[in-house]
Amino acid sequence: MKNSVLLINARTDTGIPAYIPSGLCSIAAVLRENGVECGILDRTVDFTDMKEVMRRRDAAIYGISVLTGPVILDAIETSKAIKANNPDAIVVWGGLHPTICPESVLNEGCVDYIVRGEGEYPMLDLCEHFFHKRGELSQIQNLGYRVDGRQVLNPMRPWIDLETLPLPAWDMLTMENYFLTKHYAYRAVNLNTSRGCPHRCSFCYNEAVNKRKWRGVSAKRVVEMIEYMQKHHGVDGVFFHEDNFDVSRKRMTEFCNLLLEKGIKIHWEHFSRVGYVTEERLALEKKAGCAVISYGIESGSDEVLDEMAKDQTVEDVLKVVPIWEKIGIKVAVSIMIGYPDQTVEEVEKSLSLVEKIKPFHVSPTMFNPYPGTPLFDQVVQRGLFQFPTRLEDQGKIYSLWNFDLNLSHIPKAYLQQISSRYDFQNLTNELCGYFRYRNFAGLWRVFRHKVNLKLIKTFLLGVLARISPKKPAASATT
């Protein structure tokens, strides 16, 4: 067993192409910079049996990144496989779920340690402790562990200055597995340039985990990341996969101007908020290559928006529609369905608002009461939801499309119909986008890799939802 680290991205159902595991790439870069031998195994794209993985590379420490959701099940299976093949191996869980549910994770016997919050330097300190006998476990901030059956959670360390981190260790990945095909790009990748969000949406984990704080690397660093991807991988598109890319207007302006000054040809998209929209801002973004901006409009009901602590109104959304139309950047929106006590009338208001916006893409997100969010506390206190205590059960209940976890007054079948309706609309809009951008190579790649029975089913269900919508009676309940 070597003094090395294998960082593992627990498997989701996305398959290839997948999103780059940005957090693990950042941790790996810090470890390597400090002389720690490490590697990355992304189980989303690599289906090698863990016994064979460990035969090829028998590390001393295995760090597994775990979100809240079905990925927990794969993380448990992977941890058990590691322990079965090498009982002396050290298993560390990091990521969102160990951060918000540390007790549940530490109750799992196959997990030795957890890292809450940012993992770069706690993992480095853990390596120093085990590989070089430096420091005590009690001194490693963000670390959680067991002592004589008692759980210990060490104090949290201050936020990292992201600008001081090395570039992520993308070279440890087989990048061909991560080239996303977008209507605006043949070889797009996801990048992460910030952490956190300053807003207080009651369905989101950010307030508990990031304390409503947003931090981003400089505009110069963002451009450096794009230049690396273009030089080494011929990337022509970027999806900024982070909560709010443009919180800092100054950074966004500098970023766009740098792209224009350097003559960098790249199409890109990002998440934003309606309150950030100005005509000047969007015009500059489009000039610099922005193709799509995604907004969480969430609901067409001001009452529901207030309950969500969204800090925006329906009127706020309608006010910016003319700007979107004038500038011509494609707009994607998300709406929340299955929200606690949501009625048919309220979800119809959301659908009506979507029709007024006429977005390029619509994501009808099924509400999940995630631990660490204000809404989680509310639904638990009201007896609407019972949080599983067993880690495995937590992995089974959370899913973006678990229509059985429906806390609204809307029939499950109607929520499913809404989802199918927008799946069909998104698919047709996306296909049209390929033609508008003359991205025929990308279109061919989509047909080669994505046309399957699931896609055909999505298409047919969407057609049915369009031609014979079955709106339930207003008084219908689940």
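Worth pointing out:
- C-alpha long axis of helix 219-233 to longest principal axis of the chain, angle in °: 80 degrees
- Secondary-structure-derived ellipticity at 222 nm for the chain, considering helices only, amounts to -12500 deg cm²/dmol, per-run term -39500 (n - 2.57) for DSSP H runs with n ≥ 4.
- Distance between the C-alpha centres of region 331-377 and region 266-330: 15 Å, rounded to the whole angstrom.
- In this label model, Arg382 and Glu430 are separated by 3.4 nm, measuring between points 7 Å along each Cα→Cβ vector.
- Loop chymotrypsin sites (Phe, Trp or Tyr not before Pro), region 91-162, which have at most 14 other Cβ atoms in a 10 Å radius of their Cβ (DSSP): Trp159
- In this structure, the residue pairs whose Cα-Cα separation is over 32 Å, taken from Lys250/Lys319; Lys51/Lys220; Lys326/Lys412; Lys182/Lys310; Lys231/Lys286; Lys287/Lys356, are Lys51/Lys220; Lys326/Lys412.
- Cβ-defined net charge surrounding Ala81, 9 Å radius [Lys, Arg +1; Asp, Glu -1]: +1
- Cys residues of the chain counted as unpaired, since no other Cys beta-carbon is under 4.7 Å: Cys25, Cys38, Cys101, Cys110, Cys127, Cys197, Cys256, Cys290, Cys432
- Fraction of beta bridges assigned by DSSP in region 4-153 that are antiparallel (%, nearest 5): 25 percent
- Taking the C-alpha atoms only, the angle from helix 344-357 to the longest principal axis of the chain is near 80 degrees.
- For the chain, the longest principal axis of the C-alpha atoms and the axis of helix 453-467 are separated by about 30°.
- Loop-located GluC sites (Glu not before Pro) in region 104-173 whose Cβ has at most 16 other Cβ within 10 Å (DSSP): Glu136
- Using the Cβ of Arg11 as centre and a radius below 12 Å, the other residues enclosed give a net charge of -4, where K and R count +1 and D and E count -1.
- Remark: Asp148, Asp49, Asp311 ranked as Asp148, Asp49, Asp311, counting other beta-carbon atoms within 10 Å and listing the fewest first.
- Cleavage-rule hits (trypsin sites (Lys or Arg not before Pro)) in region 132-209: DSSP loop, at most 13 neighbouring Cβ within 10 angstrom: Lys133, Arg134
- For the pair Ser218 and Lys358 in one chain, pulling the backbone fully straight at 0.36 nm per residue adds 47.0 nm over the alpha carbon distance.
- Given R0 = 25 Å, the distance between the Cβ atoms of Lys286 and Thr313 translates into a calculated FRET efficiency of 0.45.
- Around Val209: net Lys/Arg minus Asp/Glu count, Cβ-Cβ under 11 Å: +2
- Percent of beta bridges antiparallel (DSSP, the chain, rounded to nearest 5): 20 percent
- Separation of the Asn402 and Ala441 label points, Cα + 7 Å toward Cβ, nm: 4.2 nm
Only the coordinates and a few stated rules stand behind these numbers; no lab work does. In this text, all values refer to a predicted model and were calculated from it rather than measured experimentally. Methodologically, a virtual Cβ is constructed for each residue, glycine included, from the backbone with ideal geometry; neighbour enumeration extends over all protein chains shown.
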